[in-house]
Amino acid sequence: MQTQPAIAGHLSPELAQIFLEGLPENIRSALEMRAKIMNYPVWAVIEMAIAGYLDEEALSFVDCKPKS
């Protein structure tokens, strides 16, 4: 299994899945639902959540509106 990000500076889908599996069910479900609503891959949603926590000026959920 690949554990290094495929694109430098981004969380890989494989690592995102490992991360999700370690989270409590309610948090995992919330992240997966947010990804579905935004039509984004779950790895991108996790990345945004972490970035928003570390840097308040980072791209956030508010910046990404779901496509209608």
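The values are calculated or read from the model by the stated rules, or taken from the named source; none is laboratory data. What you are looking at is a predicted structure, and each value in this text was computed from that prediction instead of being measured. Here the Cβ is made from the backbone with ideal geometry for all residues, glycine too, and neighbour counts use every protein chain on show. Only protein heavy atoms, including side chains, enter the accessible area calculation; ligands, DNA and RNA are left aside. Shrake-Rupley method; radii C 1.70, N 1.55, O 1.52, S 1.80 Å.
Some values worked out for this structure:
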| read-out | value |
| --- | --- |
| Selection within segment 39-60 - in a helix (DSSP H, G or I) and open to solvent by less than 30 Å² (accessible area, probe 1.4 Å) | ALA44, VAL45, ILE46, MET48 |
| Output for segment 1-38, where each listed residue is modelled with pLDDT of 90 or more and assigned to a loop (DSSP other than H, G, I, E, B) | GLY22, LEU23, PRO24 |
| Filtered residues of segment 19-38 (kept if open to solvent by 50 Å² or more (accessible area, probe 1.4 Å) and in contact with a Pro (Cβ under 8 Å, 6 or more places away or on another chain)) | ILE37 |
